[in-house]
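Visitor: To start, I am sharing the structure in question, which I have written as structure tokens.
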Amino acid sequence: MLQVLKANQRGHANHGWLNSWHTFSFAHYYNPEQMGFSALRVINDDTVARGAGFTTHSHSDMEIISYVLDGALEHKDTLGTGSVIRPGDVQMMEAGHGISHSEFNHSHSEPVHFLQIWILPDRKGLTPSYQQRHFSSDEKRGKLRLVVSPDGREDSLRIHQDASLYAALVDGEEEIAWSQKNGRNGYLHVARGSVLLNGYPLEAGDGVKVFGGADLKLSDGVQAEVLWFDLPPSK
């Protein structure tokens, strides 16, 4: 079964320096029907104004992924990590038993647009860690490129959960077909552009929950960038 969540059904908060859309309940946005999906807890679509950002704050017991679409995001944390994340980069921060970090727009002239994703870990109290890797457009063009996985295969970032994240670019006549296994769940998020999923039109910000096994196909993309989450069964 497929269940579509349209972009305009998401929660929204505009703080001036931050324009944020929440796929699932987050902060002051609460929707009892959208409390996450399987181990996927948060997809925030954030645009941060030039020179602004999130001051130092803490997290624990969460796997946090940042995926930059436009601009550059500057990251600092209590592990001593200092980095700048740009389009094509995927950042993975394992909050574990506790970590503090800040995130700022690296530019003083242009906004930064990125997705922040939270996935529940398979256990609490892990040692905090940081990973970052670049995945080129060629790696994602017309195919699902594994970027996060439980075992780090195919040079992906490693997560402590039975979940995998794939990224893809779909445009024109490109098609991507795959099968979701029985006993698994999946979530498709359209980060930008437009695309058909099994013939159903999707726009930027739309998402689709996939319950159990399914044969899936992306086609007729218009500069589409999508994320596919392979997730364990909901408890």
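Visitor: Among the candidates H57, H113, which residue alone is modelled with pLDDT under 95 and touching a strand residue (DSSP E or B) at 6+ places or on another chain (Cβ under 9 Å)?
Guide: Working: H113 fails: modelled with pLDDT under 95.
Only one candidate passes the filter, namely H57.
Visitor: Test L144 against the criterion of being at pLDDT 95 or above and open to solvent by less than 50 Å² (accessible area, probe 1.4 Å), and give yes or no.
Guide: So L144 fits the description; yes.
Residue-by-condition table, conditions (1) under 12 Å from Q116 (Cα atoms); (2) touching a His at 6+ places or on another chain (Cβ under 9 Å):
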{"site": "G16", "(1), (2)": "no, no"}
{"site": "N19", "(1), (2)": "no, yes"}
{"site": "Q34", "(1), (2)": "no, yes"}
{"site": "A39", "(1), (2)": "no, no"}
{"site": "I43", "(1), (2)": "yes, yes"}
{"site": "D46", "(1), (2)": "yes, yes"}
{"site": "I65", "(1), (2)": "yes, no"}
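Visitor: Separate question: In segment 219-232, which residues are in contact with a Phe, Trp or Tyr (Cβ under 9 Å, 6 or more places away or on another chain) and not aromatic (F, W, Y)?
Guide: Those that are in contact with a Phe, Trp or Tyr (Cβ under 9 Å, 6 or more places away or on another chain) and not aromatic (F, W, Y): V226, L227, D230, L231.
Visitor: State whether the residues of segment 121-139 include one that is over 19 Å from H59 (Cα atoms), of a type in the set (D, E, K, R), crowded, with 19+ Cβ neighbours inside 10 Å and at pLDDT 95 or above.
Guide: no
Visitor: Taking the stated definitions as given, is S179 open to solvent by 50 Å² or more (accessible area, probe 1.4 Å), among the small types (G, A, S) and under 23 Å from L231 (Cα atoms)?
Guide: yes
Visitor: Hey, can you tell me all the residues within segment 147-170 that are free of Cβ contacts under 8 Å to residues at least 24 places away in the same chain and surrounded by fewer than 18 Cβ atoms within 10 Å (Cβ to Cβ)?
Guide: P150, D151, G152, R153, E154, D155
Visitor: If you go through segment 196-213 one residue at a time, how many are closer than 14 Å to L2 by Cβ and buried (at least 18 other Cβ atoms within 10 Å of the Cβ)?
Guide: Selection size over segment 196-213: 7.
Visitor: Right, something else. Taking the stated definitions as given, is S136 among the small types (G, A, S) and more than 29 Å from L18 (Cα to Cα)?
Guide: Working: among the small types (G, A, S): yes; more than 29 Å from L18 (Cα to Cα): no.
When the stated conditions are applied, S136 does not pass them.
Visitor: So, in segment 96-117, exactly how many residues are without any contact (Cβ under 8 Å) to a residue 60 or more places away in the chain and within 17 Å of the chain's Cα centre (by Cα)? Walk me through it before giving the result.
Guide: The initial filter retains those residues of segment 96-117 that are without any contact (Cβ under 8 Å) to a residue 60 or more places away in the chain, namely 96-109.
From the residues that got through so far, the ones that are within 17 Å of the chain's Cα centre (by Cα) too are 103.
Qualifying residue count, segment 96-117: 1.
Every residue, every condition in (1) of a type in the set (A, V, I, L, M, F, W, C); (2) without any contact (Cβ under 8 Å) to a residue 12 or more places away in the chain; (3) in contact with a His (Cβ under 8 Å, 6 or more places away or on another chain), yes or no:
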| residue | (1), (2), (3) |
| --- | --- |
| I119 | yes, no, no |
| G125 | no, no, yes |
| R141 | no, no, no |
| E175 | no, no, no |
| Y187 | no, no, no |
| E203 | no, no, no |
| F211 | yes, no, no |
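Visitor: Which ones in segment 95-112 are surrounded by fewer than 19 Cβ atoms within 10 Å (Cβ to Cβ) and not in a loop (DSSP other than H, G, I, E, B)?
Guide: S100, S102, F104
Visitor: If I ask for residues that are within 14 Å of the chain's Cα centre (by Cα) and in a loop (DSSP other than H, G, I, E, B), which ones from segment 145-160 would you list? Lay out the reasoning, then the answer.
Guide: Here is the first cut: in segment 145-160, the residues within 14 Å of the chain's Cα centre (by Cα) are 145-149, 157, 159.
I159 - this is the single residue of segment 145-160 that is within 14 Å of the chain's Cα centre (by Cα) and in a loop (DSSP other than H, G, I, E, B).
The values are calculated or read from the model by the stated rules, or taken from the named source; none is laboratory data. All values derive from a computational prediction rather than experimental measurement. Positions of Cβ are generated from backbone atoms using ideal geometry, with glycine treated the same way; all protein chains shown enter the neighbour counts. Note: areas computed on protein heavy atoms with side chains; ligands, DNA, RNA excluded. Shrake-Rupley method; radii C 1.70, N 1.55, O 1.52, S 1.80 Å.
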